[in-house]
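Reading through the structure tokens given below for one structure.
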Ligand code: SF4
């Protein structure tokens, strides 16, 4: 159930890009083994995640979803 004031799902907690179910850390093609954050969502498949990857900073990405098992009420 979403929050009427923020539009966020209260049980999901902060919307950190690092906790997105669509995020995959992969080796960057064409580079010398650098790792990059790729988005596996069908709308962005293969593109870089919009991030940000900063502590305490939530993403504004409208496609964000929590990883399975995270943000679940216990
Ligand atoms: S671009 Fe959006 S949906 Fe894709 S991994 Fe990043 S936060 Fe998740």
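The values are calculated or read from the model by the stated rules, or taken from the named source; none is laboratory data. Quantities reported herein were computed from a predicted structural model and do not represent experimental measurements. Note that each Cβ is placed from the backbone with ideal geometry, even for glycine, and that neighbours are counted across all protein chains shown.
Here 24, 38, 44 are screened, and the one residue that is within 9 Å of the ligand (Cβ to nearest atom), assigned to a strand (DSSP E or B), surrounded by fewer than 16 Cβ atoms within 10 Å (Cβ to Cβ) and modelled with pLDDT of 90 or more is 24.
Within the stretch 60-69, the set of residues being more than 13 Å from residue 13 (Cβ to Cβ) and under 9 Å from the mean Cα position of the chain (by Cα) comprises 61, 63.
Of the residues that make up the stretch 54-69, is at least one modelled with pLDDT under 95, in a loop (DSSP other than H, G, I, E, B), touching a strand residue (DSSP E or B) at 6+ places or on another chain (Cβ under 8 Å) and away from the ligand (no atom under 12 Å from the Cβ)? No, the stretch 54-69 contains no residue that is modelled with pLDDT under 95, in a loop (DSSP other than H, G, I, E, B), touching a strand residue (DSSP E or B) at 6+ places or on another chain (Cβ under 8 Å) and away from the ligand (no atom under 12 Å from the Cβ).
At pLDDT 95 or above, at negative phi, assigned to a strand (DSSP E or B) and surrounded by 12 or more Cβ atoms within 10 Å (Cβ to Cβ): is that true of residue 15 in this structure? Considered against the rule, which asks whether it is at pLDDT 95 or above, at negative phi, assigned to a strand (DSSP E or B) and surrounded by 12 or more Cβ atoms within 10 Å (Cβ to Cβ), residue 15 comes out as no. For beta carbons closer than 7 Å, sequence separation of 6+ or different chains, a first residue in the stretch 12-24 that is farther than 13 Å from residue 38 by Cα and a second that is within 7 Å of the ligand (Cβ to nearest atom), the qualifying pairs are 15/59; 15/64; 16/59.
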